[in-house]
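Structure, as structure tokens:
A short reminder: the numbers here are calculations on the coordinates, not readings from a lab. Quick caveat, the model's predicted, so the values are computed rather than measured. With ideal geometry, Cβ positions are generated from the backbone for all residues, glycine too; neighbour counts draw on all protein chains shown.
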Amino acid sequence: MRQITRGMRQLTSAAGRGLPAPLLGALLIGCASAPPPAPVVPADTLAQFSARRLESVPDLPAPTSGWDRAQWLTAALHLNPQLAAERAEVAAVAAAERTAAEHPNPNMELFAEYLTNAAASPAWLYGISLDFLLRRPGERARARQQAAVQTALAQSQLSESIWAVRAALRQALLDTVYAQQATVLLESLVADRRALLATDRNRLRLGDLSRTQLLGDELELARTEQRRQQARARAADAQARLAAVVGVPAAALTGVPVRWEDWTAIDTLSAAVPGQWRAEALVGRPQIIGALREYDLAQIHLDGEVAKRWPQLRITPAYTWGAEGVHQDPLDQFAGESALGVSFEVPLFNQHQGAIGEALGRRTAAGEHLKAVQAQIYEQIDRAELAWPSAQQAWAETRNVASVADEQQQAQQRALRAGASDRTEVLAAQIVTAEAQLTVLESAYAAQLAFGALEDAYRRPLQGAESQMLPAAVAPHT
């Protein structure tokens, strides 16, 4: 133990002579700083989420005034927790670019050696060595390029997530306004069917109606009430999905109107230049960009494996010092010597052909994956472009039928006022008109779904303020 203690004093003394002091100082400086702890408490994060409100979004009017779709999207981009998580992931991936640009630190080794066959007496020798890695030519550039490509890949995934939030938001808004208007029509239809049932019961008592027809009226009323309840349930579900996609609790939407006044105006929707959008989507959608970045990563990995055929050198300078013996004062008779070592891999058993073959296979797979993604997008665009005109035509036809039913109802109203009709015929005409209006509403909803599918295929809003306010990362680009 005394020998070891004396050896440590010798090491400290040598450090005082200026030998390893700068290195030890650099080591201590590198260990001095550390980021502060940032604990996450689930109870606290839950309380923070529960306290979220739409009023916290900057640069937007009060939500009680009624937002348009672009304003709802602004709120979602600001509050959606999934987007916040993916933005943080992009930042974390981008931080690797700094790591890739750094030069590797040398490894330092402190060692002691006890000589028992020394000429004078047993003695301790002390040494220090540094191991410097001389990276292969281009390896640092490849590391930086790989980090940059991984950042671009994360950004393309964020772009796709932003569009997914926009699509989910549009669907939730559409479901909300559709369920609200359908509920209003079904309320009116329930009232008309109840009035018709009361009238037919009077006719049954008078012997002017069969019991079978009355049972049919009761069954239709029950079906209509069930449809109304389903519409209310759809409205509640759509409201909950709207809150989720925006990133607030459902209670935050209490008292906030959901408006989309012109959603049934299908004749105002159009895709003016689908050829241009189609071409841009097939080469610039975020999935295509992501597949390209994956191919780039595979190519960089292949280049790195090929570069390993060349030796990577390690330079190891060393310095040792000591004295004549442990029983003498080492400060009086101090001696030292320097050494230099070089190490590298010897390609004796393999020339990295296995790893190169694996990397080549991954690059081929990445290229085929790109083609598969492009084919899937091609199919999606084809289906959306074929479905949209049919949905437009179906909406136009149902609107014509509804116009005829409305004219018939007005004619029955005029006949009732003139005494040429009875209340039963007027109620029947109102029921037919309400059913026709519900059919128009359903066809408008189906057309909006088809139009939304077209936007999904092109990955761009086809009209409205959203096309100007969406981040540039969402728009197709090469």
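If the segment from Ser188 to Arg205 were pulled out straight at 0.36 nm per residue, it would be longer than the present Cα-Cα gap by 3.5 nm. Projecting label points 7 angstrom from Cα along Cα→Cβ for Thr268 and Ala250 puts them 3.1 nm apart.
Mind ranking 425-432, 187-194 by how tightly packed they are, going by the mean number of other C-beta atoms within 10 angstrom, highest first? Provide the component values of the computation, followed by the final result.
Numbers: 425-432: 19.5, 187-194: 18.0.
The most tightly packed comes first, giving 425-432, 187-194.
In this label model, Ala101 and Leu313 are separated by 2.7 nm, measuring between points 7 Å along each Cα→Cβ vector. In a shell of Cβ-Cβ distance under 14 Å around Arg363, excluding Arg363 itself, what net charge do Lys and Arg (+1) and Asp and Glu (-1) give? Neighbour charge sum, excluding Arg363 itself: -3.
Mean projection of the Cα convex hull over all viewing directions, computed for the range 124-179: 8.1 nm². The simple spin-label model puts a point 7 Å past each Cα toward its Cβ; for Glu368 and Ala240 those points are separated by 4.3 nm.
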